[in-house]
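Participant: Input: one structure, supplied below.
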Amino acid sequence: MPIYSQSAVRVEAPKGGLGWLTRPYQARIVPPVSMANSSRLDSLVSAGNLYLSAQDVVDLVIENNIDLEIQRYGPVMTNEVLLRAKGGGLLRSVGISGVISGPTSVSLTGVNVNASGGASTGAAGTGVSASGGVITTLGPTIPSLDPQLSFVGQWSHTTTPESNTIITGTTALIQTAKFYQAQYAQTFPFGMTTQFTFSSDRLQFNSFDFNVDPYTSGDLDLQITQNLLYGFGSAVNGRNIKVARNNVKVSDLQFKQQVITTVTAVLNLYWDLVSFNQDLQARKDELATAQALFEDNKKQVQIGTLAPIEVTRAEAQVYSAQQDLLISQTNLLQQETVLKNSLSRNGVASPTLAEVHVIPLDTITVPQKDELKPLDELVQEALTNRVEIQQAELNLESNRMLLVGIKNELKPKLQAFVELTNNGLSGIANPDSLIGPAPQFLVGGYGNLLGQIFRRNFPNYTAALSFSIPLRNRQAQSDYASSALEIRQDELNLQKQRNQIRVDVQNAVIGLQQARVRYDSAVKARILQQQTLDADKKKYTLGASTVFQVVQDQRDLATAETTEVEALANYSHARIALDQAVGTTLELNHISLPEALAGKVSRRSALPEHLPAGNPATAQPAVPQP
């Protein structure tokens, strides 16, 4: 069921005029865009810091992310195309944006000058064109399905010189005429066109050869035309309406895909920020250890128990650790900038976000064991949930609907025509008539005219059949064959997508298993390296090891800690990627699609009672003193 009615983007009814009477002829109102962020953002700021849990990040993305706001226009525009189709119009292309790729994290290994805020635009979404669905103009022309009411009023005065005065009784025939006509016409989806017309013509002459002068003639006419072959049936003439309804569903699915893509990307940003904080703490520990060794070596040099060169080695290690810390701080600040840009409609220019630092409230936890469903069950769940499959199936269904109309074009044209007309004439008897008195049933006013029409005193009947057949019919033959071939391609592409989803799920499961193994190995390597450093430091104090060995152990430990942080981040990415591959991102992150379309989440956010410390990235590293 389309969710358009819950969208935050709307087309409003025009104001003023005569209500429903003039509303169809007034331009409807498209409200301007809103660049205001939700109040949730301000509620999570305290003392210059923005405190965020993973769920808060998801909620802020739903309410403030500008990529989602762009996509909210898609269902509204496709509903306008549906309205056009209901009136018999062609399916027009509308400016629906493709699914926008999400922002990407900065590099953990160095300063990233190309950190992405998510400005790049990807393809329009698997199975969905940039126009929001299927568009075609092939097949019989769809008539206008909106009824039409028309009025005509005409007045004329003509003077005609006459060459035969016996017929007119005058050398110059003067005629005064007043003509009025009202007509109602409507075409129905099954191929019938009706036209109901009432006309009235009042004439007055300067001739004595008219029994009734002036007089009024009129008629009530009903015409019915029915297509019996070409253009017959609601499946043919209503095909664009059915396709437009499918395109609305496709647009809803594209919005859902944008929500999944954006939430996935921003969650990756958040968990990377968590890992960057852990990396920053590791770099601080590295600097503290190097600084302690440097100070200890200076003391030993002063008392003469250590060569001065060892102070130089320790000092070099301090500067190396300081550089690592600065890079880690810079990465953290860049990551904050990318994340804040994704949570605000006006990006980091927002007064709320300009100077605040982001403090994550959650930590990455790796369970003892990944409880995964069997692979076949995950694949079936993905085939049911994945938006790409649903979009492709809808577009395939739409193309099959259109094929019905294209096939109808092969048929010859056979039309049945019926016309029923009731005539009447009434006027004033001409006392100066030279041809005798007027018949009494013609003498009277407008009521006499209407009485003749509705009594059907002067009826006309017409019935006709029209048959037209194109010879060879090559254009219609080609259109049908080409469209049928395209449908076969669509069927194969749908199967290809199903196959790819199976690959995606299997690779995501393998990726998660690999990420767990890498993390477990990184943790063990870091623990062993810490033990190695502790052992060599004890040996060094006993004179059984060298400063060079201790410095080397410190570097190895820093490398092991960085590897562990990367492995932890990779595990979180693998978990998120599996959710996306199976199609459970919205469910696991408690996202309601109607709330996402409305841009307002009912769940409330609040700061915890005990807030963690401020952003460690702002702290300056210690500078060694020689």
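The values are calculated or read from the model by the stated rules, or taken from the named source; none is laboratory data. This is a predicted model, so every value here is computed, not measured. Methodologically, a virtual Cβ is constructed for each residue, glycine included, from the backbone with ideal geometry; neighbour enumeration extends over all protein chains shown. These accessible areas exclude ligands, DNA and RNA; they are computed on the full protein's heavy atoms, side chains included. Shrake-Rupley method; radii C 1.70, N 1.55, O 1.52, S 1.80 Å.
Participant: Extending each Cα 7 Å along its Cβ direction at residue 208 and residue 478, get the distance between those two points in nm, one decimal.
Facilitator: The answer from the label model is 7.2 nm.
Participant: Counting DSSP beta bridges with both partners in the chain, what percentage is antiparallel, nearest 5? Walk me through the numbers before you get to the answer.
Facilitator: Working: 68 of 73 bridges.
Bridges in the chain are about 95 percent antiparallel.
Participant: Run the paramagnetic zone check for residue 159: 7 angstrom along Cα to Cβ, then residues of segment 195-230 with backbone nitrogen under 16 Å.
Facilitator: It comes to 205-207, nothing else.
Participant: Can you compute the FRET efficiency between residue 523 and residue 186 using 1/(1 + (r/R0)^6), with r the Cβ-Cβ distance and R0 = 56 Å? Round to the nearest 0.05.
Facilitator: Values: r = 75 Å, r/R0 = 1.35.
With a Förster radius of 56 Å, E is 0.15.
Participant: Something else: Which order do peptides 571-582, 455-466 fall in by mean Cβ count within 10 Å, highest first? Kindly include the intermediate steps, with their values, before the conclusion.
Facilitator: Values: 571-582: 22.4, 455-466: 11.2.
Descending mean neighbour count gives 571-582, 455-466.
Participant: List the residues, sorted by chain then number, that are 5 or more residues from residue 545 or on another chain and whose placed amide H is less than 5 Å from its amide H.
Facilitator: It is 540, by chain and number.
Participant: Now, a different point. Once you put a point 7 Å from the Cα of residue 462 and another 7 Å from the Cα of residue 400, both along the Cβ direction, what distance in nm separates them?
Facilitator: Inter-label distance under the simple model: 4.4 nm.
Participant: When a/c reaches 1.5 or more, the comparison of a/b and b/c decides; with that in mind, is segment 422-557 rounded, prolate or oblate per its Cα gyration tensor? Walk me through the intermediate numbers first.
Facilitator: On the way: a/c = 8.58, a/b = 3.91, b/c = 2.19.
Here segment 422-557 falls in the prolate category.
Participant: Could I ask something else about it? Along the principal axes of its C-alpha atoms, what lengths does segment 490-554 span, in descending order and rounded to whole Å?
Facilitator: That works out to 76, 17, 9 Å along the principal axes.
Participant: From the C-alpha gyration tensor of segment 354-433, pull out the three semi-axes of the equivalent ellipsoid (sqrt of 5λ each), sorted largest to smallest, in whole Å.
Facilitator: Numbers: eigenvalues 1122, 171, 27 Å².
In descending order the semi-axes read 75, 29, 12 Å.
Participant: Which residues make up the longest stretch of the chain clear of GluC sites (Glu not before Pro) that lie in a DSSP loop with no more than 11 other Cβ atoms within 10 Å, not counting the sites?
Facilitator: Numbers: sites that count: 355, 371, 609.
Result for the longest clean stretch: 1-354.
Participant: On full extension of the chain, what length is gained from residue 152 through residue 349, given 0.36 nm per residue of separation minus the C-alpha to C-alpha distance? List each step's numbers first, then the result.
Facilitator: Numbers: separation 197, 0.36 × 197 = 70.92 nm, distance 6.05 nm.
Working it through step by step, the gained length comes to 64.9 nm.
Participant: Right, next: So what's the angle, to the nearest 10 degrees on a 0 to 90 scale, between helix 446-455 and the longest Cα principal axis of the chain?
Facilitator: Roughly 80 degrees between the two axes.
Participant: Please report the orientation-averaged projected area of segment 3-72, defined via the convex hull of its C-alpha atoms, in nm². Intermediate values should be presented prior to the final figure.
Facilitator: Numbers: hull surface 27.9 nm².
Mean projected area of the Cα convex hull: 7.0 nm².
Participant: Against the longest alpha carbon principal axis of the chain, how many degrees, from 0 to 90 and to the nearest 10, is the axis of helix 54-64 turned?
Facilitator: Roughly 30 degrees between the two axes.
Participant: OK, next. What are the semi-axes of the equivalent ellipsoid for segment 343-492, taken as the square roots of 5 times the Cα gyration tensor eigenvalues, largest first, in whole Å?
Facilitator: Values: eigenvalues 1153, 228, 53 Å².
They are 76, 34, 16 Å, listed from largest to smallest.
Participant: Also, quick follow-up: Once fully extended, how much extra length lies between residue 177 and residue 35, figured as 0.36 nm per residue of separation less the alpha-carbon to alpha-carbon distance?
Facilitator: 44.8 nm
Participant: Right, something else. Run the quick spin-label model on residue 167 and residue 486: label points 7 Å from Cα toward the beta carbon, then report their separation in nm to one decimal.
Facilitator: Spacing of the two 7 Å Cα→Cβ label points: 6.0 nm.
Participant: Under a Cβ-only charge scheme (Lys and Arg +1, Asp and Glu -1), can you give me the dipole magnitude of the chain about the Cα centre, in debye to the nearest 20?
Facilitator: On the way: 50 positive and 56 negative charges, 253 e Å.
Charge dipole of the chain: 1220 debye, to the nearest 20.
Participant: Taking R0 as 22 Å, what FRET efficiency do you get between residue 86 and residue 224 from their Cβ-Cβ distance, rounded to the nearest 0.05? It would help to have the intermediate numbers written out before the result.
Facilitator: Details: r = 23 Å, r/R0 = 1.03.
Efficiency for this residue pair is about 0.45.
Participant: Compactness ratio of segment 500-597: Cα Rg over 2.2 N^0.38 Å, N = residue count?
Facilitator: Values: Rg = 20.8 Å, N = 98, 2.2 N^0.38 = 12.6 Å.
Dividing the Cα radius of gyration by 2.2 N^0.38 Å gives 1.66.
Participant: While we're on this one: Given a Förster radius of 30 Å and the C-beta distance between residue 428 and residue 196 as r, what FRET efficiency does 1/(1 + (r/R0)^6) yield to the nearest 0.05? Could the numbers behind the result be given before it?
Facilitator: Values: r = 30 Å, r/R0 = 0.98.
Approximately 0.50, to the nearest 0.05.
Participant: Starting from the Cα of residue 413, move 7 Å in the Cα-to-Cβ direction to define the label point; list residues of segment 448-470 whose amide nitrogen is under 19 Å from there.
Facilitator: Within reach of a label on residue 413, which here means backbone N under 19 Å from a point 7 Å along Cα→Cβ, segment 448-470 contributes 463-470.
Participant: How far is helix 375-385 tilted off the main Cα axis of the chain, in degrees rounded to 10, range 0 to 90?
Facilitator: 40 degrees
Participant: Considering the Cα positions of segment 259-351, please state its Rg to one decimal place and its Dmax as a whole number of Å.
Facilitator: So, for segment 259-351, Rg and Dmax equal 20.1, 67 Å respectively.
Participant: Which aspartates and glutamates does residue 411 reach when only Cα atoms under 18 Å apart count, and residues fewer than 8 places away in its own chain are ignored?
Facilitator: Residue 411 reaches 479.
Participant: I would also like to ask the following. With a 1.4 Å probe and every protein chain kept in, tell me what percent of the accessible surface of the chain is carbon plus sulfur. All intermediate terms of the calculation are to be shown ahead of the outcome.
Facilitator: Working: 18020 of 31880 Å².
C and S atoms contribute 57 percent here.
Participant: Ok, one more. Can you give the log10 of the normalised intensity I(q)/I(0) at q = 0.30 Å⁻¹, computed with Debye over equal Cα scatterers of segment 418-460?
Facilitator: The computed values of log10 I(q)/I(0) come out as -0.98.
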